[in-house]
Amino acid sequence: MWLNSGRSFGEHVARATEKAGLVANCLSRILPNLGGAGGRVRRLYVATVHSVLLYSAPIWWQKVCKSAILRGKMEAVQRIIALRASRGYRTVAYMGATTLAGIPSAHLLARYHAETYEGVCQARKRLGFVPPNIKRAIKQQGREALLQHWKDWVEDPRYR
């Protein structure tokens, strides 16, 4: 986690996107567009890139997601791996690649992780510990909210 003096998280996102970009490019080299591995392996590669890209997302998501420049950097990395996951060509746009691959935008995933983390923290404060069924319910509620946010985002004409 990198933090500059202004606490804007720009340095963190720049380094995380650079690192995630290297991971995505390395994985793209071993995963051909046509043929090759099946859907499970492709989803694993997407999860690998997202784990690097969204590291500590509950901390920085609000500030970063307001910046179009930082969101653009995250989307560029996400597009690389989404093209491989969807077996798309390089001419496919970001929105098309992520939609075909079934991958919500990085800023929406960061929001999901932050809201889930916050829900678990609140449950821990109330109960002292979080039983597995409560944790599952919080995650399920977060997934439903993520899908709704993703649907709204895809339908919004400003993002086309």
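The values are calculated or read from the model by the stated rules, or taken from the named source; none is laboratory data. Everything numeric here is computed off the predicted structure, so don't read it as measured data. Cβ: placed from backbone, ideal geometry, glycine included. Neighbour counts: every protein chain shown.
Miscellaneous remarks
- Hey, Gly119 part of a helix (DSSP H, G or I), surrounded by 15 or more Cβ atoms within 10 Å (Cβ to Cβ) and of a type outside the set (Lys, Arg) or not: yes
- Cβ pairs under 9 Å, 6+ apart, first in segment 85-97 and without any contact (Cβ under 8 Å) to a residue 24 or more places away in the chain and on the phi < 0 side of the Ramachandran plot, second among the β-branched types (Val, Ile, Thr) and outside any helix (DSSP H, G or I): Ser86/Val92; Ser86/Ile103; Ala97/Ile103
- When residues in segment 15-54 are screened for being at pLDDT below 85 and under 15 Å from the mean Cα position of the chain (by Cα), 2 of them pass.
- One residue stands out in segment 80-114 among those that are touching a Lys or Arg at 6+ places or on another chain (Cβ under 6 Å) and of a type in the set (A, V, I, L, M): the one that is nearest to Gly39 (Cα to Cα), namely Ala85.
- Against the numbered list (1) among the aliphatic types (A, V, I, L, M); (2) crowded, with 18+ Cβ neighbours inside 10 Å; (3) over 30 Å from Arg29 (Cα atoms), Ile80 comes up short only at (3).
- Those helices (runs of 4 or more DSSP H) lying entirely in segment 1-109 with at least 3 residues in contact with a Leu (Cβ under 9 Å, 6 or more places away or on another chain) and over 22 Å from Trp150 (Cβ atoms): 10-30
- Selection of segment 55-74 for residues being in contact (Cβ under 8 Å) with a residue 12 or more places away in the chain and basic (Lys, Arg) yields Lys63, Arg71, Lys73.
- In segment 87-116, residue surrounded by the fewest Cβ atoms within 10 Å (Cβ to Cβ) [restricted to those that are β-branched (Val, Ile, Thr) and under 19 Å from Leu44 (Cβ atoms)]: Ile103
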